[in-house]
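Since the structure comes first, as structure tokens, the remarks are kept for the end.
The values are calculated or read from the model by the stated rules, or taken from the named source; none is laboratory data. What you are looking at is a predicted structure, and each value in this text was computed from that prediction instead of being measured. All Cβ positions, even for glycine, are placed from backbone atoms using ideal geometry, and neighbour counts span all protein chains on display. Only protein heavy atoms, including side chains, enter the accessible area calculation; ligands, DNA and RNA are left aside. Shrake-Rupley method; radii C 1.70, N 1.55, O 1.52, S 1.80 Å.
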Amino acid sequence: MSAEIPKSELSQEKEPIRTKIIAVANQKGGVGKTTTAINVATALAASGLRVLLVDLDPQGNATTGLGVEKVNTEKEIYSAIIGDCTLSDTILPTAITGLEIVPASADLAGAEIELIELNQREARLKLALKEIFSIYNYILIDCPPALGLLTLNALVAADSVLVPLQCEFFALDGLGQLSRSIERIRNAFNSKLFIQGVVLTMHDGRNNLCKSVEADVREYFGSLVYKTVIPRNVRVSEAPSFGLPAIVYDMHCTGARAYMHLAAELLRGDGRLPEGEAA
Ligand SMILES: Nc1ncnc2c1ncn2[C@@H]1O[C@H](COP(=O)(O)OP(=O)(O)O)[C@@H](O)[C@H]1O
Ligand SMILES: [Mg+2]
């Protein structure tokens, strides 16, 4: 078998892959978590990295948004967390080269309750991910809109949290709660956890409320807020119904371009892209 391995892959073996696990989290629904997870994952894969998107929301929007059929419901994130199968059993390819997904189904809703009874209930995802850990450059976890046991599992497994924030009146409400949860998790389970960044979504620069919310968020979080903002863009909202990331559905639309810039900013922040270079 070794004779068939191309030289480039052999040389990759010598340098172990640096895996980074990012939880995309905000306990509010509809703020752009799934859209951000799908499009950042796609942009990272498009820049030649190997990426896994873990759908940790019982609504399964990341799964359907990537055009993955939930046919085999026995092998999805729920079964891997509960321990009925391994995580690698659940991984499916997507239409995007370099991007794979662990799908979710509605069964996952039961996990919030079933996990309570299990050993190491907060570390089930972390333990499940260990097996496939070193295969990917990035693992993104799309969290449900709650700070329950599923999100706790994501934050215990993750290196960092990417927080999408919609520019609306109550945007900062609940962020204190999220920050406190991150702090508690850092103290109790995962001392390395940090905030990767805050990204403003569905941004409308002509709207005064949006501008004032943006100013507040930048004052509160400082340099943690990405320079790139994601504009409200109808092409972005259409894309999931075609089972495609906006970046693939219409790579020239303003939303797609913003997500590509965001991925480049994220890579630069991680020291994986030289200053000034696009993803
Ligand atoms: N930049 C955007 N422009 C327009 N619509 C968007 C944008 N981002 C997200 N949406 C839409 O807003 C809704 C909520 O986004 P979603 O990513 O599902 O949020 P969450 O995962 O936080 O619940 C979806 O219908 C999505 O298509
Ligand atoms: Mg979602």
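For the chain, the dipole from Cβ point charges (+1 on Lys and Arg, -1 on Asp and Glu) about the Cα centre works out to 740 debye, to the nearest 20.
Per residue, region 17-269 exposes 43 Å² of accessible surface when a 1.4 Å probe is rolled over the protein heavy atoms with every protein chain present.
By a 1.4 Å probe calculation restricted to protein chains, Y220 has an accessible surface near 130 Å², given to the nearest 10. Converting phi to 3J(HN,Hα) with the Karplus coefficients 6.51, -1.76 and 1.60 and the offset θ = phi - 60°, region 112-121 yields 3, 8, 5, 4, 4, 7, 8, 5, 6, 4 Hz in sequence order, with x at every glycine or proline. Calculated mean residue ellipticity at 222 nm for the chain: -11500 deg cm²/dmol, from DSSP H runs with n ≥ 4 weighted as -39500 (n - 2.57), summed, divided by the residue count and rounded to 500. Scoring 191-200, 121-130 by mean Cβ neighbours within 10 Å over their residues and listing the highest first yields 121-130, 191-200.
Each peptide in 159-172, 38-51 was scored by the mean count of other Cβ atoms within 10 Å over its residues; highest first, the order is 38-51, 159-172. Absence of a disulfide-compatible partner, taken as no other cysteine beta carbon within less than 4.7 angstrom, is noted in the chain for C85, C143, C253. The relative contact order of the chain, computed from alpha carbon pairs under 8 Å that lie at least 6 residues apart in sequence, is 23 percent.
Heavy-atom surface analysis with a 1.4 Å probe gives region 17-269 a carbon and sulfur content of 53 percent of its accessible area.
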